[in-house]
Amino acid sequence: MKRRGLILGSSLLAVPALAQARWPDREVTVLVPFGAGGSTDVSVRAICAEAEKILGVPMQIVNRTGGQGTAAPTQVSQARPDGHTIGSAAMSGLAIAPHMFEVGYTLDSFAYLPGTARFLYGIGVRADSPYGSIQDLVNAAKARRITFSATGPPNNLGLFDLNRKYGTRFGFVPFQSGAEAVTAAIGGHVEATSQTPPEMIPAIQSGRMRMLASASPARWKEFPDVPTLREAGFDVTIESLLGFVAPRGVPAERLAVLGDAIQRAAAMPAVEEALGRFGMVPAIQTAPEFERAIREGFVRYGEQLREAGLARR
């Protein structure tokens with residue numbers, strides 16, 4: 001009886017140990033720094049819909065739209081470091097916003113998870129513009145001030161970089177939305193625009209706008225004959241990545257579980273299709289690769305924002 005009791009007791013003790021070994025054991029909250037229905041929100045929801053199948057628990061999306069995109073990373077940085085609260089993270093919130101606004105976090109406030117996607121940017125002009133190529137536009141901007149529309153960083157940073165490196169005189173005219181920025185170019189209120197595919201593609205396909213160059217590292221699949229700025233001879237690119245972060249201090253084994261699920265989810269065909277609808281492409285990176293890209297972007301964009309007079313004093 002004693003031996004049987006010992007065996008039974010040992011078995012009962014093993015049950016909690018096995019239960020504890022499975023993690024996560026409840027839902028994971030994912031904070032998104034932009035409103036529902038936008039490109040970041042839809043992309044994150046697509047990734048999390050696949051990741052929760054792998055994790056075996058729900059991933060609850062919570063939109064935090066305040067503070068110029070800094071409310072969500074602020075809340076992530078202050079969350080309990082148990083892995084049950086993470087956030088989507090992009091260059092705009094981590095590498096750009098701290099140079100422009102007072103924020104409640106630094107790059108060291110986070111544990112980094114994988115990168116998942118890349119935002120795309122392009123430079124376009126109205127269809128009857130005299131500028132038939134990006135070289136034509138650059139030549140004109142060397143001779144006189146050329147106005148362009150954009151919603152703000154990072155959309156405008158490629159043309160600022162052309163100013164710095166090639167002596168152009170592109171003048172930034174800010175707009176609240178990408179649709180307004182494109183409309184301003186089509187209407188002749190500015191001479192060019194630097195925007196993302198959701199706003200530009202309909203205008204190009206309807207014959208109202210012409211795309212001169214991709215400002216991203218790769219060409220747009222919709223317009224494979226349009227070169228990147230680098231392919232056209234200009235060492236300029238707008239790099240803006242989307243990934244995930246957790247509060248600093250989350251145990252390494254939990255970060256590994258989350259990271260594996262996010263990377264596997266980001267490779268699913270359904271995610272690529274969702275990204276494509278909003279002008280993004282898969283760009284799967286390991287956690288160290290994503291952290292390195294954010295830190296390099298922080299330095300690069302800080303220099304550009306200071307030179308453009310957009311950094312806070």
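The values are calculated or read from the model by the stated rules, or taken from the named source; none is laboratory data. These figures come from a predicted structure and were not determined experimentally. Glycine gets a Cβ as well: all are built from the backbone with ideal geometry, and neighbour counts include every protein chain shown.
In contact with a Ser or Thr (Cβ under 8 Å, 6 or more places away or on another chain) and among the aromatic types (Phe, Trp, Tyr) - does that describe any residue in the stretch 22-36? Yes, the stretch 22-36 has at least one match. Exactly one residue out of Glu239, Glu180 is closer than 28 Å to Ala49 by Cα and either free of Cβ contacts under 8 Å to residues at least 60 places away in the same chain or of a type outside the set (Val, Ile, Thr) (or both): that is Glu239.
Looking at the stretch 212-222, is at least one residue farther than 27 Å from Gly69 by Cα and among the aromatic types (Phe, Trp, Tyr)?
Keep residues of the stretch 212-222 that are farther than 27 Å from Gly69 by Cα, which gives 212-213, 219, 221-222.
Still in the running and among the aromatic types (Phe, Trp, Tyr): none.
There is no residue in the stretch 212-222 that is farther than 27 Å from Gly69 by Cα and among the aromatic types (Phe, Trp, Tyr).
Residues of the stretch 273-313 being of a type in the set (Gly, Ala, Ser) and either without any contact (Cβ under 8 Å) to a residue 60 or more places away in the chain or in a loop (DSSP other than H, G, I, E, B) (or both), which ones? Working first, answer last.
Of all residues in the stretch 273-313, those of a type in the set (Gly, Ala, Ser) come to 274, 276, 279, 283, 287, 293, 297, 302, 308-309, 311.
Answer for the stretch 273-313, where residues must be of a type in the set (Gly, Ala, Ser) and either without any contact (Cβ under 8 Å) to a residue 60 or more places away in the chain or in a loop (DSSP other than H, G, I, E, B) (or both): Gly276, Gly279, Ala308, Gly309, Ala311.
So, Gly259, is that one assigned by TED's automatic domain parsing to the domain that holds Ala95, buried (at least 18 other Cβ atoms within 10 Å of the Cβ), closer than 24 Å to Pro202 by Cβ and of a type outside the set (A, V, I, L, M, F, W, C) or not? So Gly259 fails the test.
Consider Phe298 carefully, then state whether it is touching a helix residue (DSSP H, G or I) at 6+ places or on another chain (Cβ under 7 Å) and modelled with pLDDT of 95 or more. Here the answer is yes, as Phe298 does meet what is asked.
Gly152 fulfils the conditions (1) within 25 Å of Val32 (Cβ to Cβ); (2) assigned by TED's automatic domain parsing to the domain that holds Arg210; (3) assigned to a strand (DSSP E or B) except for a single criterion, (3).
I need the full set of residues from the stretch 145-163 which are out of contact with any Ser or Thr (no Cβ under 8 Å at 6 or more places or on another chain) and either of a type in the set (A, V, I, L, M) or under 17 Å from Tyr121 (Cβ atoms) (or both), in order please.
First, the residues of the stretch 145-163 that are out of contact with any Ser or Thr (no Cβ under 8 Å at 6 or more places or on another chain): 145, 147, 152, 157, 160-161, 163.
Of everything in the stretch 145-163, those that are out of contact with any Ser or Thr (no Cβ under 8 Å at 6 or more places or on another chain) and either of a type in the set (A, V, I, L, M) or under 17 Å from Tyr121 (Cβ atoms) (or both) turn out to be Gly152, Leu157, Phe160, Asp161, Asn163.
What residue, of Leu8, Leu31, is more than 30 Å from Ala267 (Cβ to Cβ) and either at pLDDT 95 or above or part of a helix (DSSP H, G or I) (or both)? Please lay out each step first, then the result.
Values: Leu31 fails: more than 30 Å from Ala267 (Cβ to Cβ).
Step by step, each of Leu8, Leu31 is checked, and only Leu8 is more than 30 Å from Ala267 (Cβ to Cβ) and either at pLDDT 95 or above or part of a helix (DSSP H, G or I) (or both).
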